[in-house]
Amino acid sequence: MIKGRNYRHNCSCCGLPEKGEMINGQGLGAVSQLRYGLCRMSFNGCEVISVYNALVWLGKPSPLPEIALYMERFRMLMGIFGCFAGRIDRALERFGAGCVRADEYRGEKAFIVSYWTGRPFLSSIHTVFCVRERRGIRVYNRYNNRCESQLCADFQTFAGYRKPIALYIIDTETDTT
């Protein structure tokens with residue numbers, strides 16, 4: 001019931017990013033008004049946005065409301081805690097992107113990572129899509145209130161020194177469509 005209502009609401013929103021445009025700052029603009037579970041995406045939509053951004057980067061964009069609808073099945077506590085990070089791979093595969101789950105980052109080109117924003121279990125988690133560039137790692141949707149991506153020197157700069165909660169290496173070679 002909630003997911004159907006959310007889908008109708010999300011499809012009716014005006015001002016969503018053009019299909020193929022990366023999303024940064026989930027608390028800004030029309031994206032912040034979309035719904036996921038019981039909350040607005042400004043609060044809990046980072047996993048949905050990371051899948052969307054990965055698909056855009058791969059040249060396989062899908063509408064954000066479609067991705068959110070599919071990922072509703074993986075929401076945690078009615079979406080209050082966002083999406084179960086251990087199922088992001090299923091969403092990527094559903095929309096035609098291959099990925100491999102990994103335990104640690106080893107310099108791969110593109111990946112999605114979920115990490116604690118502070119002390120484990122005492123802080124929230126955040127999920128972002130990242131691309132390794134010559135000068136560092138470009139992080140998309142790192143901050144809720146910034147409309148641009150951020151270039152970080154290395155993985156630890158944004159994710160800390162702890163083991164990631166979930167890490168998915170995006171397969172840039174295989175076409176799964």
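The values are calculated or read from the model by the stated rules, or taken from the named source; none is laboratory data. These numbers come from a predicted model, not from an experiment. Backbone-built Cβ (ideal geometry, glycine too); neighbour counts: all protein chains shown.
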With Asn24, Asn10 as the choices, which residue is among the polar types (S, T, N, Q), in contact with a strand residue (DSSP E or B) (Cβ under 7 Å, 6 or more places away or on another chain) and touching a residue at least 60 places away in the same chain (Cβ under 8 Å)? Asn24
Residue satisfying all of: in the stretch 128-177; of a type in the set (Ser, Thr, Tyr) and modelled with pLDDT of 95 or more; surrounded by the most Cβ atoms within 10 Å (Cβ to Cβ) among these: Tyr168
Given the conditions (1) over 13 Å from the mean Cα position of the chain (by Cα); (2) farther than 14 Å from Ile169 by Cα; (3) of a type outside the set (Gly, Ala, Ser), every one holds for Leu58 apart from (2)
Which of the residues spanning the stretch 88-124 are out of contact with any strand residue (DSSP E or B) (no Cβ under 9 Å at 6 or more places or on another chain) and within 22 Å of Gly160 (Cα to Cα)? Gly118, Arg119, Pro120, Phe121
In the stretch 1-41, how many residues are of a type outside the set (Phe, Trp, Tyr), in contact with a helix residue (DSSP H, G or I) (Cβ under 8 Å, 6 or more places away or on another chain) and either under 18 Å from Phe74 (Cα atoms) or assigned to a strand (DSSP E or B) (or both)? 10
Hits in the stretch 110-158 (condition: over 21 Å from Arg87 (Cα atoms), in a loop (DSSP other than H, G, I, E, B) and of a type in the set (D, E, K, R)): Arg119, Arg134, Arg135, Arg146, Glu148, Asp154
Given the condition modelled with pLDDT under 90, of a type in the set (A, V, I, L, M) and in a helix (DSSP H, G or I), answer yes or no: does some residue in the stretch 82-93 qualify? yes
Arg106: assigned to a loop (DSSP other than H, G, I, E, B) and surrounded by fewer than 24 Cβ atoms within 10 Å (Cβ to Cβ), yes or no? yes
Filtering the stretch 118-127 down to residues that are over 15 Å from the mean Cα position of the chain (by Cα) and surrounded by 12 or more Cβ atoms within 10 Å (Cβ to Cβ) yields Pro120
